[in-house]
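Q: Just dropping this structure here.
Values in this text are rule-based calculations from the coordinates and carry no lab data. Quick caveat: nothing in here was measured; it's all calculated off a predicted structure. In this analysis, Cβ positions are derived from the backbone assuming ideal geometry, glycine residues included, and neighbour counts consider all displayed protein chains.
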Amino acid sequence: MVKILSAHIFALFIIDLNNLLKIRSVVDLNPGESGVISELLDGTLSLKLLEMGCLPGQPITMNYTAPFGDPVCVSVSGYDLSLRLDEAINISIQ
């Protein structure tokens, strides 16, 4: 339980930090909005995201969020992908 809460608090901290730095990520999109992946921010998570089709230059669309905001569902590389907030925050978009 503590690990889940700390990961969620960390994701919220990253969201606030990205707002200060003006970096847009997938979690900044509203349902139905699209963007283009510019880079993956977390080195350890980037391999997993690359294998799931989150490649720089690929269009990505926010489909919907779960009732409490985590996870989110995005469309990328021709399929729907469900990501936790702490994963989605690492996908920066243009």
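Q: Among 80, 28, 86, what is the fewest-to-most ranking by other Cβ atoms within 10 Å?
A: Details: 80 11, 28 17, 86 20.
By the 10 Å Cβ count, ascending: 80, 28, 86.
Q: Cβ under 13 Å from residue 45's Cβ, residue 45 left aside: what net charge do those residues give with Lys, Arg +1 and Asp, Glu -1?
A: Numbers: positive: 48, 84; negative: 39, 42, 51, 86, 87.
Local charge sum for residue 45: -3.
Q: Mind checking the full-extension length gain between residue 24 and residue 45? Use 0.36 nm per residue of separation minus the Cα-Cα distance, one decimal, nm. Show your work: numbers first, answer last.
A: On the way: separation 21, 0.36 × 21 = 7.56 nm, distance 1.78 nm.
Between residue 24 and residue 45, full extension yields an extra 5.8 nm.
Q: Neighbour counts of other C-beta atoms within 10 Å: give me 54, 73 arranged from fewest to most.
A: Details: 54 24, 73 16.
Ordered by Cβ neighbours within 10 Å, fewest first: 73, 54.
Q: Using the Cα atoms of region 39-94, I'd like the radius of gyration and the largest Cα-Cα distance, Dmax, both in angstrom.
A: 10.5, 30
Q: For residue 36, what is the net charge nearby, where nearby means another residue's Cβ is under 15 Å from its Cβ and Lys, Arg count +1, Asp, Glu -1? Present the calculation step by step, with values, prior to reporting the outcome.
A: Numbers: positive: 24; negative: 28, 33, 39.
Around residue 36, the surrounding residues sum to -2.
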